[in-house]
Each structure stands twice: as C-alpha cells, then as structure tokens.
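Structure first, commentary second.
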Amino acid sequence: MDSTRHPSSGWDAAADEAVGYDDWARRILNLFFVLNASKTPISTSHIIFDADLGYNSGNPDSDKRKFKRDRDELARFGVHVVEHKAEGATENEESSWVIDRTQTQAELGILTTDDADILLAALRDYAGQPGIPYRSALMHIIAKLDNEGAGDTAASDAAASGDPVFQALWAAFTLRKNAVFTYTDAQGATTKKRSIDIWGFFTQDECMYFVGFDHGREAVRTFRVDRVRSVNKPGKAYAIPDDFNVTDYQFLPFDLADTQAVDASFTFPQGLPAAEIEAITHGRGSLGAGSAGERTWTIPVRDLTAAASFALGHAGTGMRPLSPRGLVEAWNNQIAKVVAAHDRA
C-alpha cells in the first residue's frame, strides 16, 4: 500500500493515522450511503460516534478531523456534504450534515428512465438470440419493464421520484442483505437502529410496507416505508424462508371491501403479552394505552361486520371492540345470533 497517497485518490494515509486503504474506502462509502439514505440531517455526534460508519475511535477530535477529510474527498468525487442548522439555531448548537443535491454532480438514483430503456433494448436483443438459457425468466423481466402500468404503483412512484430511503431499502432487499435503519413509530417516537432482514414489500391504502425478521425483537415485524428516517449500508446476507408469503401480512379480513375505510378501535386486556398482540395485529395500525392499563389498537377498517367477526375470533385473548358504534353493534348482533342458535339447539 502506498504510504502517502493512493494513485486514484486524494487520501493522505499518514494524516488518516495509518488506517488501511480498504478501511478508508469503506468509511467513505458508508458515509455517502447513510447521508444519501436519510430524510433528515444527521448530527456530527451521530456520525463520529457510529462505529458502523467507521469512526468512533475513542478520540472524538480525531474522528472529527477524519470526517472533515472525508467530506473533502466526497466533494472531489462530486458529492457535496454541507452543514445544516435549523432556523433560529444558536452558534453553540451542534451542526448537522446533508448532501447538497443542487451542487452534487453525481447521479444518486439507482435507475433512470433512460437507463431502463437501454436495459430493455439490451434484454430484447439478447432474448432474440437462439439457445439462450433462462429464456422464460428473461421474458418475464422484459414484460415487467415493458408494462409501465404493471406492478406495485407505490413502489414505482417511489423509485421514479428517486426517494433515497426507499431505494436503500429496496437495494438491501434485492441483494438479500440485512437493512439497518432508524424508524419513527405510530406514536411519533424515533427508535434506535433496527436490524431487519427484509422478506417482502406490499402496499395498503396508498402506503408502502415491508415485512421482515427483526433481529432485536427476534420476530417477524411489519414497517411502513415512510416512517423510516435513515438507512445504513446493507449488512450481512440472509435467505428468505421458503414458507414465507407476504400476502399473510398484507391483508386482514376487514380490508376486502369497496366501502370507505373508517378508523376502528379494539382493546386488549392488561397483561396480554406483546408478542400475542403482534401476532393478531400483524404490526399494522397503531397501539396505545387506555386509562385502565388496557392496550388499544386502532386501524382503518372497510368492513365493520368482518372486523367484528375478526374480534370474535380472538375473543379468547380478551380482545373487544371499542369504536365506532357500528362496530360494537355488529359485535353484539353476532353474539346475539350465536346465543339464539344455541337456544334453538
């Protein structure tokens, strides 16, 4: 390794405390990836104390110098990282950092429309050759690229808009690499890093979701893409279980109706394990706390009768309907029918 400068880089090895070139390149790549895949500015302390980014050496001043050199190096490659301070911030408040997309010359998207057209033309040309392997799979790919109206509308919109968070999650999924991200829950609380093996995406009520194995919770969880705040570079490889079916998480029985969705609330008794509630709700909707310690679950419902039946199916856990009145009436009517049928028997 060159002890002063790498031939294709402005990196100064001596100034970077003799760190290996591979470690430096990995740090630069991780820094770019995290800044590009964040919806909000990232603070200096978040960056220099993040071991996953390649800093957090135990010497904050040294890490700040590294970060400064890394910003300069990214600028040399056309990616400009600039300081961001909230309106009204004082001089003493900590700085945060974002990619200035007006100055940045590099194309940050994954695939442009022109790229897709070139890819489609190349695939068609290749598919026309005799004796190629995997012809059926290739023709399926061509059909998907060629049909602008096909597929997941929300996913297409996110890709077309260049949403860096969606693209980072989608890249992790397609590479089958673990996704590490920060997330804001339904109550508005931003969690620390979540480590998820993404198994599939789906859309529901114009929102995009993804399902995967949550290593922190050791269970399958469902997340909304628009609640992901930032994404780290993909991590370890994983495999999707053979028996996984994303449709098991996509719909609940009360989703399948043409009527306008209304918010419905249910209660679970105090002490019911969170894992059992998760298994019933599939991680959808929002959970809150009632005045008596019970848990409340609120979720959009299109079919109140089906929602009442769903609650009755889980009545043994203590699940009960709370609102609206039509849901409670549907619940009572179904109980009355069951009692009447039992009396006749």
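The values are calculated or read from the model by the stated rules, or taken from the named source; none is laboratory data. Small disclaimer: the values here were computed from a predicted structure and weren't measured. Using ideal geometry, Cβ is built from the backbone for each residue, glycine included, and neighbour counts are taken over all protein chains shown. Heads up: the accessible areas ignore ligands, DNA and RNA and are worked out on the full protein's heavy atoms, side chains in. Shrake-Rupley method; radii C 1.70, N 1.55, O 1.52, S 1.80 Å.
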Inset, instruction - Go through the residues of the stretch 283-295 one by one and say whether even a single one is in contact (Cβ under 8 Å) with a residue 60 or more places away in the chain and either among the polar types (S, T, N, Q) or loosely packed, with under 12 Cβ neighbours inside 10 Å (or both). - result: yes
Inset, instruction - Being buried (at least 17 other Cβ atoms within 10 Å of the Cβ), touching a residue at least 24 places away in the same chain (Cβ under 8 Å) and over 24 Å from Ala275 (Cβ atoms) is the filter here, so list the residues in the stretch 308-331 that pass it. - result: Ala308, Leu327, Ala330
Inset, instruction - Check whether at least one residue in the stretch 214-231 is of a type in the set (Gly, Ala, Ser), under 28 Å from Leu35 (Cβ atoms) and surrounded by 15 or more Cβ atoms within 10 Å (Cβ to Cβ), and report yes or no. - result: yes
Inset, instruction - Hey, can you tell me all the residues within the stretch 73-95 that are open to solvent by 80 Å² or more (accessible area, probe 1.4 Å) and farther than 22 Å from Asn232 by Cβ? - result: Arg76, Glu87, Glu91, Asn92, Glu93
Legend entry - Odd one out for Arg27 among (1) at pLDDT 80 or above; (2) outside any helix (DSSP H, G or I): (2)
Legend entry - Complete set of residues in the stretch 242-267 that are open to solvent by less than 80 Å² (accessible area, probe 1.4 Å), of a type outside the set (Val, Ile, Thr) and at pLDDT 90 or above: Ala264, Ser265, Phe266
